[in-house]
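Novice: What follows is a structure written as structure tokens; I'll ask about it next.
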Amino acid sequence: MLTYLLFMLPPLVFMLYAQARVASAYNKYSQVPNARGITGVQAAERLLAHNGLNQVRVEETKGQLTDHYDPRQKVLRLSATVARNPSVAALGIVAHEVGHAMQDKLAYTPLKVRSTLVPVANIGSRFGFILVIIGPVLYGLGTGFGLDVVWVGIALFAAAVLFALITLPVEYNASSRARQMLQQTGLVSDTESAGASAVLSAAALTYVAALLQAVAQLFYFVMLALGMGRRR
């Protein structure tokens, strides 16, 4: 247990830091009205039209910071606080999601790879961890295949790690597109651009933290399996 904590504590601390940065940036700039007074929905419609994405619908979704682009249904879903709020934060978040829609339109390779990995990553994150827990129990009971179960779990979990890895270029590219779009369309002033960028940069840290957590956990699992192998 102590070894597990030593592996997982540093990325957990970084994740808490990243989440605090997101909350701080969002809370700050969601209270700052943008100069044009346009809501998230209005910004989305303008940015989609600017990029020739008229086939993409804009819908409101439940929750806070649940904004996302659905490439399968070609829908941009915005949380109520972003959709209805004429804030600087809303502009940054909306532009980021439109960035994903642009990636979809241009068949951006990392996005295509990530979309392909979704079902495998879901299975890996759910069942990989379970198998890594069950394997040592079976091994301790004297079954010969307990170690094999652990390695299967590791292989499944590795798919989730790969998903987290490929997510980084997807998200950073979407944020880069967002910054360019906001400036090209004149939706933000220089001051507002800095605010929107602060929100985007803070959000990007959460994806870095998620990757670090996944890598640390995978490394721990591998060390566990190697240790079991040496005790054979």
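The values are calculated or read from the model by the stated rules, or taken from the named source; none is laboratory data. A quick note: this is a predicted structure, and the numbers were derived from the prediction, not measured. Every residue, glycine among them, receives a Cβ derived from its backbone with ideal geometry; neighbour counts consider all protein chains shown.
Novice: Answer with yes or no whether residue 69 is surrounded by 21 or more Cβ atoms within 10 Å (Cβ to Cβ), under 18 Å from residue 167 (Cα atoms), at pLDDT 90 or above and of a type in the set (Phe, Trp, Tyr).
Specialist: yes
Novice: Of everything in region 13-66 that's surrounded by 15 or more Cβ atoms within 10 Å (Cβ to Cβ), of a type in the set (Ser, Thr, Tyr) and touching a residue at least 60 places away in the same chain (Cβ under 8 Å), which residue is farthest from residue 186 (Cα to Cα)?
Specialist: Restricting to residues being surrounded by 15 or more Cβ atoms within 10 Å (Cβ to Cβ), of a type in the set (Ser, Thr, Tyr) and touching a residue at least 60 places away in the same chain (Cβ under 8 Å), the top hit is 26.
Novice: Which one of the conditions (1) modelled with pLDDT under 95; (2) more than 17 Å from the chain's Cα centre (by Cα); (3) surrounded by 22 or more Cβ atoms within 10 Å (Cβ to Cβ) does residue 124 fail to meet, given that it meets all the rest?
Specialist: Result: residue 124 passes all but (2).
Novice: For residue 114, only one of the following conditions fails: (1) modelled with pLDDT of 95 or more; (2) within 13 Å of residue 170 (Cα to Cα). What is its number?
Specialist: Unmet condition: (1).
Novice: Counting only residues that are closer than 20 Å to residue 45 by Cβ, of a type in the set (A, V, I, L, M, F, W, C) and assigned to a helix (DSSP H, G or I), how many does region 169-198 have?
Specialist: Of the residues in region 169-198, 5 are closer than 20 Å to residue 45 by Cβ, of a type in the set (A, V, I, L, M, F, W, C) and assigned to a helix (DSSP H, G or I).
Novice: Checking residue 111 against (1) over 18 Å from residue 211 (Cβ atoms); (2) surrounded by 14 or more Cβ atoms within 10 Å (Cβ to Cβ); (3) of a type in the set (A, V, I, L, M, F, W, C), only one condition comes out false. Which one?
Specialist: Going through the list (1) over 18 Å from residue 211 (Cβ atoms); (2) surrounded by 14 or more Cβ atoms within 10 Å (Cβ to Cβ); (3) of a type in the set (A, V, I, L, M, F, W, C), residue 111 breaks only (1).
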